[in-house]
Amino acid sequence: MTDAANGTPFSVRFEPLRLSRSVMAATLYYRITILNRGARALSEVVLEADLASASGSRPVDEQVLDENRPLTPRQVFGRLATGQSARFEGSVQLPLAQADVIRQGNTALLVPLMRLRATAADAAPFARTFAVGQAAGNGSSRLQPFRLDEGLRSWEPLAQRVLDRPAPK
């Protein structure tokens, strides 16, 4: 996915692999592929990421990443030639004490938000937020949240959906 609206040359593919829940944190394991779709080589390429959680009590624009907000650097590439891609796997944690929990009756649910930002020297940044969940399994594109009352466990396979920033008012 490129962000042609602001002229960024990046295309980023995010694949959530597994979510594990421990007593203290949720850990998301992922694979990311970044592609230079621009007309020239990119230098000083940095891929940044964090893991947050969806909240029904905060506006969407506070949960979806703005391209001007820096995150924790996860991967650095010295140079990406035109048409060149780089792929890597990693993990990111969300301390459960910092997670927003969505309640459905007595059930506590977690909807992780993987926020990614790519930057390079002399290029517009790329930012995207992905909601991560379990595939609904019935052919639906809906995501199922993770139940926090099921104890320590891991979930896979996972699905994701891009969350767009709301249009300015």
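The values are calculated or read from the model by the stated rules, or taken from the named source; none is laboratory data. Here the structure is a predicted model, which is why all the values come from computation and not from measurement. We place every Cβ from the backbone using ideal geometry, glycine too, and count neighbours over all the protein chains shown.
A few notes on this one:
- The combined condition, being in a loop (DSSP other than H, G, I, E, B), at pLDDT below 95 and farther than 29 Å from S154 by Cα, is not fulfilled by G56.
- For the range 18-36, a residue qualifies if it is over 11 Å from the mean Cα position of the chain (by Cα) and surrounded by fewer than 14 Cβ atoms within 10 Å (Cβ to Cβ), and the qualifying residues are S22, V23, M24, T33.
- In the range 28-39, the residues that are closer than 12 Å to S85 by Cα reach residues that are aliphatic (A, V, I, L, M) and surrounded by fewer than 17 Cβ atoms within 10 Å (Cβ to Cβ) with C-beta atoms within less than 8 angstrom, at least six apart or across chains, in these pairs: T33/A86; I34/A86; N36/A81.
- Residue match in the range 117-139 (condition: outside any strand (DSSP E or B), of a type in the set (S, T, N, Q) and out of contact with any helix residue (DSSP H, G or I) (no Cβ under 9 Å at 6 or more places or on another chain)): yes
- Tally, over the range 101-135, of residues that are surrounded by fewer than 16 Cβ atoms within 10 Å (Cβ to Cβ) and closer than 20 Å to Y29 by Cα: 1
- Single match in E44, E15, E62, E67 (criterion: assigned to a loop (DSSP other than H, G, I, E, B) and either surrounded by fewer than 19 Cβ atoms within 10 Å (Cβ to Cβ) or among the basic types (K, R) (or both)): E67
- Of all residues in the range 40-60 being under 15 Å from the mean Cα position of the chain (by Cα) and acidic (D, E), the one that is nearest to D122 (Cα to Cα): E48
- Between Q104, Q75, Q98, the distinction of being in contact with a Leu (Cβ under 8 Å, 6 or more places away or on another chain) and polar (S, T, N, Q) belongs to Q75 only.
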